[in-house]
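Working notes for the structure below.
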Amino acid sequence: MTAPGTRYILICSGKGGVGKTTLTANLGIALARQGVRTAVLDADFGLRNLDLLLGLENRIVFTAQEVLSGSCRLEQALVKHKQEPNLALLPAGNPRMLEWLQPEDMQRIATMLGEQFDVVLIDCPAGIEDGFKNAVAAAQEAIVITTPEVSAVRDADRVIGLLNSHGVKPIQLVLNRVRPKMMANQEMLSVADVTDILALPLLGLVMEDEQVIVSTNRGEPLTLNGAKSPAALAYNNIARRLRGEDVPLMDPAKAGRGLRAKLGRLMTTKIF
Amino acid sequence: MTLRDFIDKLLGRQPASANVARERLQLVLAHDRSDLNPELLEQMRREILEVVSRYVEIDLEEGDVSLETGDRVTALVANLPIKRARPLVEPGSAAGGVSRSHGLNPGA
């Protein structure tokens, strides 16, 4: 079905707005910078945004739609990143594609990408309907991204159930928008709460970081320019772990060094 | 219990919202994962009790069939105290006779 050696990784969350596309863009760039030939496939045909976050929106000529219908070759549709030539985007087609798109079509596209790339990252649409089912058909493994909020964790749980039933393996977790201060005050689900509930291995933690918004404004993912902001560091570490490197996870409880952080640690210590 | 929980309790304050979130999530996920509505669960409970009571006399007052969840696995847990075993059904007569022999002694 798919070319050997290539990894097909679905990035999904269930709930919208938790950071799927931002993770896909940053992880794509980070992997490419580490020498991995990476393709990012925008499987969100309804509400495509991956082109925008990568700053490639003005360079799209053809999309997955033309590739599937045979009216152009894959090479013509792929948009290579100028600064990072190891990365290419296959843009999502017209939303009207959803009327006829089948899981087999996504598998065909993924197989074509597998001939040229080491890793194919698939940016999954929100929800668990047809768009999800099409995207999951092209994937072998998955990264579930969630935030420490009840609605996001609940939706992630639904998605994990579906990934399991589709035989997707391994499934790893990225916890996004972590606020160490709120966690220390026990006003936010802790990292352990979320990993215990979802029972997935943790691939990475991304702190809440204003620089993410700045970078999306510019269409330049944080990982592109070696930025040192907390989120940039987190995305780079996720890429390294994905490649099998042993990079220790950051402990949000140890993030703060001030009196407040110390007090927070004291307050969350189990006394009985 | 953490120090924060203890102080909150002492002062009669609301528990920290992370604890509330965790408890609410655990409850809602147990039901999401089982995908069974309460009526179906009740029907299943009745049928399980019916099948079991063909073979052993169970204490219906003390019996309990419920869903429990942990570590992505939802388990159906049946706790059925047995009062006494019913006389064994003969292997040959089991297939046709059992469904209607509830409460009777099939060997008689």
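Bear in mind these aren't lab numbers, they're just calculated from the coordinates by the rules spelled out. As the structure is a prediction and not an experimental result, all values here were calculated from the model. Note: ideal-geometry Cβ built from the backbone for every residue, glycine included; neighbour counts use all protein chains shown.
Counting only aspartates and glutamates at least 8 places from B:LYS83 when in the same chain, those with an alpha carbon closer than 14 Å to its own are B:GLU57, B:ASP59, B:GLU61, B:GLU62. Build a GNM of chain A with springs between Cα atoms under 10 Å: which of A:PRO201, A:PRO91, A:PRO125 gets the top mean-square fluctuation? So, out of A:PRO201, A:PRO91, A:PRO125, the one fluctuating most is A:PRO201. Sites listed here are GluC sites (Glu not before Pro) in segment A:175-272 whose DSSP assignment is loop and whose Cβ has at most 12 other Cβ atoms within 10 Å: A:GLU245. Across segment A:150-162, computed HN-Hα scalar couplings (Karplus, 6.51 cos²θ - 1.76 cosθ + 1.60, θ = phi - 60°) run 4, 5, 5, 5, 4, 5, 4, 4, 4, 5, 4, x, 5 Hz from first to last residue, x flagging Gly and Pro. With distances taken between every two different alpha-carbon atoms, segment A:73-134 has a Kirkwood hydrodynamic radius of 13.0 Å. Taking amide H as placed 1.01 Å from N in the peptide plane, A:ARG177 has its amide H under 5 Å from the amide H of A:VAL206, A:GLU208, each at least 5 places away in sequence or on another chain.
For segment A:95-170, the set of chymotrypsin sites (Phe, Trp or Tyr not before Pro) satisfying both a DSSP loop assignment and a count of at most 15 other C-beta atoms within 10 Å is given as A:TRP100.
A P(r) calculated from all alpha carbon pairs of segment B:36-87, with 10 Å bins opening at zero, reads 23, 48, 23, 5 percent. Of A:HIS81, A:HIS166, the sequence from fewest to most neighbouring Cβ atoms within 10 angstrom is A:HIS166, A:HIS81. In order along segment A:221-236, the Karplus-derived 3J(HN,Hα) couplings, from 6.51 cos²θ - 1.76 cosθ + 1.60 at θ = phi - 60°, round to x, 4, 6, 5, 10, x, 4, 9, 5, x, 5, 4, 4, 4, 5, 4 Hz, and Gly and Pro are given as x.
In segment A:159-253, which trypsin sites (Lys or Arg not before Pro) are in a loop and have at most 16 other Cβ atoms within 10 Å, using DSSP for the loop call? Please report the intermediate quantities before stating the final value.
Working: sites: A:ARG177, A:LYS181, A:ARG218, A:LYS228, A:ARG240, A:ARG241, A:ARG243; in loops: A:LYS228, A:ARG243.
Filter output for segment A:159-253: A:LYS228, A:ARG243.
In this structure, the pairs whose alpha-carbon distance is over 21 Å, taken from A:LYS20/A:LYS133; A:LYS80/A:LYS133; A:LYS270/B:LYS9, are A:LYS80/A:LYS133. Measuring spread by the Cα atoms of chain A yields a radius of gyration and Dmax of 18.7, 68 Å. Per-residue mean of foreign Cβ neighbours for B:16-25 is 6 (Cβ atoms of other chains, 10 Å radius).
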